[in-house]
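> Quick one: the structure is below, and I'll ask about it shortly.
The values are calculated or read from the model by the stated rules, or taken from the named source; none is laboratory data. On a predicted model such as this, the values are computed, not experimentally measured, just so you know. Counting neighbours? That spans all protein chains shown, and the Cβs are built from the backbone with ideal geometry, glycine included.
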Amino acid sequence: MAAPGDKVQITVWRKGADLSLTASLGSVSDKGDIASKDNGASSTTGGKLGLALRAVQPNEKREAGVADGLLVEDAAGAAANAGVEAGDVLLAINGTPVKSVEQARALVGKSGKSVALLIQRGDAKIFVPVPVG
């Protein structure tokens, strides 16, 4: 049985072709229910995901090696429980690249019961499924 930290091979079907990926298994610690935070200091996607987001600054884009995205300033509620962390860069929601907080709000607002977030953490890009609350 695989344990956190182990490397696993995953084959996915993407754009009509098989794609083989290597992933590191992680674990999500039980953080319990954390209230969504909106202190007015930063834009958020509201209580639906529990994310405080802001645009990635040009110097941060160079540092992270991304063209666009939103920086996760804080994660609470469903997003934190799914494993999203402060410092992650949100690249896409349900396969649509995100460039603004308003766009992220709209994509989450028209989604179903869950969203697939494409997150960049360090050099790794990971998909994180998050239930919409």
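> Quick check on A86: is it of a type outside the set (K, R), in contact (Cβ under 8 Å) with a residue 12 or more places away in the chain and assigned to a strand (DSSP E or B)? So that I can check it myself, show each step before the final result.
Working: of a type outside the set (K, R): yes; in contact (Cβ under 8 Å) with a residue 12 or more places away in the chain: yes; assigned to a strand (DSSP E or B): no.
Here the answer is no, as A86 does not meet what is asked.
> Determine whether region 93-103 contains at least one residue that is at pLDDT 90 or above and over 17 Å from the mean Cα position of the chain (by Cα).
The initial filter retains those residues of region 93-103 that are at pLDDT 90 or above, namely 93-103.
Adding the requirement that they be over 17 Å from the mean Cα position of the chain (by Cα) leaves none.
Within region 93-103 (the criterion being at pLDDT 90 or above and over 17 Å from the mean Cα position of the chain (by Cα)), the answer is no, since none of the residues qualifies.
> Here's something else I'd like to know. May I ask you to list the residues in region 89-122 that are assigned to a strand (DSSP E or B) and without any contact (Cβ under 8 Å) to a residue 12 or more places away in the chain? Don't jump to the end; show me each part of the working.
Looking only at region 89-122, we keep the residues that are assigned to a strand (DSSP E or B), and these are 89-93, 96-97, 114-121.
Of everything in region 89-122, just one residue is assigned to a strand (DSSP E or B) and without any contact (Cβ under 8 Å) to a residue 12 or more places away in the chain, namely T96.
> Going residue by residue through region 29-47, is there one that turns out to be at pLDDT 70 or above and under 20 Å from V128 (Cβ atoms)?
Filtering region 29-47 for residues at pLDDT 70 or above gives none.
No, there is no match, as no residue in region 29-47 is at pLDDT 70 or above and under 20 Å from V128 (Cβ atoms).
> Return the residues of region 88-99 that are polar (S, T, N, Q) and surrounded by 14 or more Cβ atoms within 10 Å (Cβ to Cβ); say none if nothing qualifies.
We begin by selecting, within region 88-99, every residue polar (S, T, N, Q); these are 94, 96.
Correct list: N94 only.
> On to the next question. Return the residues of region 100-129 that are surrounded by 13 or more Cβ atoms within 10 Å (Cβ to Cβ) and charged (D, E, K, R); say none if nothing qualifies.
Across region 100-129, the qualifying residues are R105, R121, K125.
> Could you please let me know if E73 is at pLDDT 90 or above, in a loop (DSSP other than H, G, I, E, B) and closer than 14 Å to I119 by Cα? Talk me through it step by step, then tell me what you get.
On the way: at pLDDT 90 or above: yes; in a loop (DSSP other than H, G, I, E, B): no; closer than 14 Å to I119 by Cα: yes.
Spelling it out, it is not the case that E73 is at pLDDT 90 or above, in a loop (DSSP other than H, G, I, E, B) and closer than 14 Å to I119 by Cα.
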